[in-house]
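K.L.:
Quick one: structure below, then a few questions.
The values are calculated or read from the model by the stated rules, or taken from the named source; none is laboratory data. Worth saying up front: this structure is predicted, and the values here are computed from it rather than measured. Every residue, glycine as well, gets a Cβ built from its backbone with ideal geometry; the counts of neighbours run over all protein chains shown. Just the protein is used for accessible areas: all its heavy atoms, side chains included, with ligands, DNA and RNA removed. Shrake-Rupley method; radii C 1.70, N 1.55, O 1.52, S 1.80 Å.
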Amino acid sequence: MKKQTIWIIAILAVLLASGGGYVAHTRARGVEPQEPPEPTMETATVTQGGIVITASGSGELVPVSELDLSFRTSGVLDQVLVETGDWVEDGDVLARLERDDLERAVAEADVELQIAQLELADVRDGPSEAELADAEAQVRDAQTQLSLAYDVYQDATDDDADDAVESAKVMSDWWVGYYQSQKAKYEKGNLSQTKHDYAMAAMIEAEETWERAKNEAEINEVQAWKSVKQAQNTVFQAEEDLELLQSEPLTDTLTEAELAVDEANLALAEARLDLEAAELYAPFDGTVMSVDEAVGDRVSINTAILTIADLQEPLLQFWLEESDMGRVAVGNQVNVTFESLPDTTFTGKVVRVDPVLVSVSGTTAVQALASLQLDDQDVRLLSGMTADVEVISAEARDAAVVPVEALEKVEEGGYTVTVVRSNGEMEDRQVEVGIKDAVNAEILSGLELGETVRIDG
């Protein structure tokens, strides 16, 4: 500890001696210590230039229109006329279903229409002599059948029918009386069991015969009357048909015949539509992106057969970091460089900004769409191509520009700058500021080109 203390004291002594020697030397030469120089004022000139505010992101090419195509009817796939990558034009036939049943349905509907048209013509022309004669014969036959039905009904309700029932009742009553007498003898022991049982069985059979006679009589009468009513209806219908033939066509009859023709026409049109629906057409010019079904597959209305896309005017779907949300809006210009075409820059405009943030590779991002201008580029773009995107959110050309350090924000809002005049005087002046980047600011009013402003704050 003593040695360390001695060394420290020695070092201090040397330092004090050195300082004292310097002061003495300075005073000996007569030179006084100098004041530190005053800081210089930094200025900048208002110049004409440009400011571009951008945001960078990445994206991929998507079709303007991409559509899964399916038939409007179900069936078995008979032909697929295109392959993936084929270019097709609006109206081209892409695939067909088996059409035998559909063609048969068209033929049958056509026949039904012809029949309905003939029947309508018959209604309008009126009946032939043969049709009138046939209708008159049907009236006569119906009247004959009605007479026969009346005869049968009379037979079912005449005295002879009643006599048969009454005779059965008399026999039943006699056997009841006979059994009662035989029963009394049996109970007194004057009649054997066999004779008693015979009398009882004969009585029961006589009662059943009477019941059957009554039931048969009632059934015969009901059935006979039913036949009469049916015969009456037949006569009425035959007479009505004859009257209808003999008169002018009724409005209702003519209307029904006309409606039948309309329905047949509609059925034929639907059958033809079904036949047409068995062919799959391209709804617009485009490229076949995929073929999803094979010949022989049974498909339904909702089965996607193939997918086509419009790649003539593709869209770029791109993503920006959430922090750049304020730098993208519909109408902003974009510069696009595809990974597979690094030497070509495409331009376009933002056409949509999604209102909801999305997650891309675990990062929250803004999702947007941009249209591309391809008029002057003879290139082939494919769906799914990846690209780097630069969005120009704001731009000023040939503007009055000053460094952002020259601006001073005021409490009332807005900015002021300190103008340095040619004589050295300074003036605080309010200015209207446009867009700004990290270096420069656009001056909309308050300054003229060539003026000098202070930037040292």
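K.L.:
Classify the range 143-302 as rounded, prolate or oblate, taking a ≥ b ≥ c as the square roots of the eigenvalues of its Cα gyration tensor: rounded when a/c is under 1.5, otherwise prolate if a/b is larger than b/c and oblate if not.
P.N.:
Cα axes put the range 143-302 in the oblate bin.
K.L.:
What number, rounded to the nearest 500 deg cm²/dmol, is the helix-based mean residue ellipticity at 222 nm of the chain, given -39500 (n - 2.57) per DSSP H run of at least four residues and division by all its residues?
P.N.:
Counting only the DSSP helices, I get -15500 deg cm²/dmol.
K.L.:
Under 8 Å for C-alpha pairs, at least 6 residues apart: give me the relative contact order for the chain, rounded to a whole percent.
P.N.:
Once normalised by length, the contact order is 29 percent.
K.L.:
Now a separate question. Skipping prolines and chain starts, which residues have an amide H placed within reach, meaning under 5 Å, of the one on Thr43, given they are 5 or more residues away or on another chain?
P.N.:
Ile455
K.L.:
Trypsin sites (Lys or Arg not before Pro), restricted to the range 59-126: which are DSSP loop and have at most 14 other Cβ atoms within 10 Å?
P.N.:
Those that pass, being in a loop and sparsely packed, are Arg72.
K.L.:
Can you give the local net charge around Ile455? Use residues other than it whose beta-carbon is closer than 11 angstrom to its beta-carbon, Lys and Arg +1, Asp and Glu -1.
P.N.:
Its environment carries a net charge of -3.
K.L.:
Return the whole-Å distance between the Cα centroid of the range 384-457 and the Cα centroid of the range 205-257.
P.N.:
108 Å
K.L.:
Just subtract the alpha-carbon distance of Glu98 and Asp354 from 0.36 nm times their residue separation and send over the number in nm, one decimal.
P.N.:
87.7 nm
K.L.:
Can you give the accessible area per residue of the chain, in Å², using a 1.4 Å probe?
P.N.:
Ligands and nucleic acids excluded, the result is 65 Å² per residue.
K.L.:
Skipping prolines and chain starts, which residues have an amide H placed within reach, meaning under 5 Å, of the one on Asn440, given they are 5 or more residues away or on another chain?
P.N.:
Val404
K.L.:
What part of the accessible area of the range 378-457, given as a whole %, is carbon or sulfur when the probe is 1.4 angstrom?
P.N.:
42 percent
K.L.:
Mind giving me the FRET efficiency for Lys185 and Asp162? R0 is 30 Å, r the Cβ-Cβ distance, nearest 0.05 is fine.
P.N.:
0.25
K.L.:
Rounded, prolate or oblate: which fits the range 53-202, taking a ≥ b ≥ c as square roots of the Cα gyration tensor eigenvalues, rounded meaning a/c under 1.5, else prolate when a/b beats b/c?
P.N.:
Taking the square roots of the gyration eigenvalues as a ≥ b ≥ c, the range 53-202 is oblate.
K.L.:
Please compute the contact order of the range 50-165 in relative form: average sequence separation of alpha-carbon pairs under 8 Å and at least six residues apart, divided by the residue count, as a percent.
P.N.:
Normalised by residue count, the contact order of the range 50-165 is 15 percent.
K.L.:
Assuming R0 = 45 Å, can you tell me the calculated FRET efficiency for the pair Val64 and Leu444, based on Cβ-Cβ distance, to the nearest 0.05?
P.N.:
For Val64 and Leu444, the calculated efficiency is 0.70.
K.L.:
I'd like the GluC sites (Glu not before Pro) in the range 397-445 restricted to DSSP loop residues with at most 10 other Cβ atoms within 10 Å, sorted by number.
P.N.:
Taking the range 397-445 and a limit of 10 other Cβ atoms within 10 Å, the loop GluC sites (Glu not before Pro) found are Glu411, Glu412, Glu425.
K.L.:
Any chance you could give the angle, 0 to 90 degrees and rounded to 10, that helix 193-246 forms with the longest Cα principal axis of the chain?
P.N.:
Taking Cα atoms only, the helix is inclined about 60 degrees.
K.L.:
For Phe284, list long-range residues whose amide hydrogen, built 1.01 Å from N in the peptide plane, is under 5 Å from its own amide hydrogen.
P.N.:
Result for Phe284 returns Gly91.
K.L.:
Want the number for Val222 to Ala394: 0.36 nm per residue separation, take away the alpha-carbon distance, what's left?
P.N.:
51.8 nm
K.L.:
According to a simple spin-label model (label point 7 Å from Cα along Cα-to-Cβ), what is the distance in nm between Glu240 and Glu258?
P.N.:
2.3 nm
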